Amino acid sequence: MESSTPREAPEPRALTIRGFKFNGVDRYVPGCRYTEIAEGEGFGEFGLYFMPPGAQTTVFSLESGDDGTADEYYGPRFEFYYLLSGEITMYWGTDAESLRRGEGERLLLGAGDFGCWEREWKFSARNSGEVPATFFWGLAEAPPDVAERLPVLQTREGLPDTGPA
């Protein structure tokens, strides 16, 4: 039996909140905060989301093509939410305007529920409970040819906000 040369691999690690990739305010959804804990090769990104009662996310698309109607476009991939506390209603369909109004198909998730957001749909989540909702989320890696699109924020002067300096 031949011996193999060990491959370079990251060592296992434990992260504290100071070691998270991102921890802060969701610039697109007032009152919400989120973390990007880490990325897992072959899996994608993982994090936590904190949502006050009544708050609703932007409309995001996991469709193969970007028709430009969703606020955020991630391409055809899988996303999940595991609810730790509170309650959210996930709206889903193909009409972004209906989702913004909280119309269309819906799933209600409570603490302990695991929601699977499949490819080829648009989604928007609303905290439909009376207490803050917290969920663990994961978003699969993007296919190689997909260009993500996020909302363009405006500054007070009406110019595009390019994010932190």
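Numerical summary
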{"read-out": "Hits in the stretch 12-52 (condition: modelled with pLDDT of 90 or more, out of contact with any strand residue (DSSP E or B) (no Cβ under 7 Å at 6 or more places or on another chain) and either surrounded by 13 or more Cβ atoms within 10 Å (Cβ to Cβ) or at positive phi (or both))", "value": "Y28, V29, G31"}
{"read-out": "Segments classed as strands (runs of 3 or more DSSP E), wholly inside the stretch 40-154, with at least 3 members that are farther than 29 Å from E11 by Cα and either under 14 Å from the mean Cα position of the chain (by Cα) or free of Cβ contacts under 8 Å to residues at least 60 places away in the same chain (or both)", "value": "87-93, 105-110, 114-117, 122-127"}
{"read-out": "Odd one out for A9, checked against (1) among the hydrophobic types (A, V, I, L, M, F, W, C); (2) out of contact with any strand residue (DSSP E or B) (no Cβ under 8 Å at 6 or more places or on another chain); (3) part of a strand (DSSP E or B)", "value": "(3)"}
{"read-out": "Options L108, L84, L62; residue that is modelled with pLDDT of 95 or more, farther than 21 Å from R149 by Cα and in contact with an Asp or Glu (Cβ under 9 Å, 6 or more places away or on another chain)", "value": "L108"}
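The values are calculated or read from the model by the stated rules, or taken from the named source; none is laboratory data. As the structure is a computational prediction, the values presented were derived from the model and not from experiment. Here Cβ is always computed from backbone atoms with ideal geometry, including for glycine, and neighbour counts include all displayed protein chains.
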